[in-house]
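Below: one structure, written as structure tokens.
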Amino acid sequence: MITYVLVHGAWHDGQCWSRVAPLLTARGHRVLTPSLTGHGDKAHLLGPEVGLTTHVDDIVGLVLDHDLTDVVLVGHSYAGMVISNAANRVPERISRLVYLDAMVPTHGENAIDVMPLTQALIDGAAGTAEPWRIPPLPELPAPLGLFGVTDPQDIAWLRTTLADESALCFQQPAEMDNPAQAAIPRVHVLCVGNEPEGVTRRPLPTTQPNGEPSLVHQLETGHDAMITMPVELSALLLDIA
């Protein structure tokens, strides 16, 4: 049995994995899909003090509270920052890191460093009554849709799950100074084919921190692959675990 912890990205909540989790559990594996502070069942906790450290505490706390070991820790989008920090804290409990169309930081980098476009979102909120509150990205014309989701029913459902993010989540740096975390194998899954114009993806490193070649898979779909390609994504997660 494999234990998967699936961590959602910014503005989303744990419900975004609702099509993937059953496919993994049907194969006999354990799957946890927590909502980070400020989202889902923790939406009422959102405030300017919520940051990357808060979300790392969420995941590390989950791992320790459930005494999880040999965890395949999957981070989508912003959650690449979260799983990197979590692995730094409890490397002995993580068997593999999976970056799903995710931010891939180095030690000391924040989300703005990894994706400079994030600063524009913070700047856009600067003149509002709550400048710390960053709203979700807007829906874009087809074929881009809402986070790459284009089916009207899926978009309508996704909207009900989205919530604002705190700017501090994008401003706090990754802590990856524990040598033990570098030994954890990493896998990257890229969503390709309909990237928004003007959004430049930083090239992935050619080698993992453990010195092995980077392992990269591609899915021809929008950013929220867990919604648009759950079967294909689940098959990948089963294969790489």
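The values are calculated or read from the model by the stated rules, or taken from the named source; none is laboratory data. The structure displayed is predicted, hence computed values, not measured ones. Methodologically, a virtual Cβ is constructed for each residue, glycine included, from the backbone with ideal geometry; neighbour enumeration extends over all protein chains shown. When the accessible area is computed, the model is the full protein with side chains, heavy atoms only, and any ligands, DNA or RNA have been set aside. Shrake-Rupley method; radii C 1.70, N 1.55, O 1.52, S 1.80 Å.
When region 193-228 is limited to residues that are of a type in the set (A, V, I, L, M, F, W, C) and open to solvent by 30 Å² or more (accessible area, probe 1.4 Å), the one that is farthest from V7 (Cα to Cα) turns out to be V199.
The set of residues in region 18-37 being closer than 25 Å to L117 by Cβ and either within 12 Å of the chain's Cα centre (by Cα) or open to solvent by 40 Å² or more (accessible area, probe 1.4 Å) (or both) consists of S35, L36.
Would you confirm whether any residue within region 190-198 is within 21 Å of C16 (Cα to Cα), in a strand (DSSP E or B), touching a residue at least 12 places away in the same chain (Cβ under 8 Å) and not β-branched (V, I, T)? There is at least one residue in region 190-198 that is within 21 Å of C16 (Cα to Cα), in a strand (DSSP E or B), touching a residue at least 12 places away in the same chain (Cβ under 8 Å) and not β-branched (V, I, T).
Within the set V31, V7, the sole residue that is among the aliphatic types (A, V, I, L, M), touching a residue at least 12 places away in the same chain (Cβ under 8 Å) and within 25 Å of P138 (Cβ to Cβ) turns out to be V7. Applying the criterion of at least 3 residues that are modelled with pLDDT of 95 or more and among the small types (G, A, S) to the helices (runs of 4 or more DSSP H) found wholly in region 1-95 leaves 79-89. Taking the criterion of being among the acidic types (D, E) and either at negative phi or touching a residue at least 60 places away in the same chain (Cβ under 8 Å) (or both), the residues of region 48-67 that qualify are E49, D57, D58, D65.
In the set (1) free of Cβ contacts under 8 Å to residues at least 40 places away in the same chain; (2) closer than 19 Å to G61 by Cα; (3) hydroxyl-bearing (S, T, Y), the condition left unmet by T160 is number (2).
Within region 228-238, is even one residue of a type outside the set (K, R) and over 26 Å from D13 (Cβ atoms)? Looking for residues that are of a type outside the set (K, R) and over 26 Å from D13 (Cβ atoms), one finds none in region 228-238, hence no. Only helices (runs of 4 or more DSSP H) whose full extent lies in region 107-188 are considered here, and the ones with at least 2 residues that are farther than 22 Å from V216 by Cα and of a type in the set (D, E, K, R) are 152-161. Can you pull out every residue in region 38-56 that is more than 17 Å from the chain's Cα centre (by Cα) and either acidic (D, E) or under 17 Å from M103 (Cβ atoms) (or both)? Residues satisfying the conditions are D41, E49.
Contact annotation: residue pairs with Cβ atoms under 9 Å, 6 or more positions apart or on different chains, pairing a residue in region 212-232 that is part of a strand (DSSP E or B) with a partner that is of a type in the set (A, V, I, L, M) and modelled with pLDDT under 95, are L215/I240; V216/L204; H217/I240; Q218/V192; L219/V192; E220/V192. Considered as a group, the residues in region 177-186 that are out of contact with any His (no Cβ under 7 Å at 6 or more places or on another chain) and touching a residue at least 60 places away in the same chain (Cβ under 8 Å) include one that is surrounded by the fewest Cβ atoms within 10 Å (Cβ to Cβ), and that residue is A180. State whether the residues of region 217-225 include one that is under 25 Å from S35 (Cα atoms) and more than 15 Å from the chain's Cα centre (by Cα). There is at least one residue in region 217-225 that is under 25 Å from S35 (Cα atoms) and more than 15 Å from the chain's Cα centre (by Cα).
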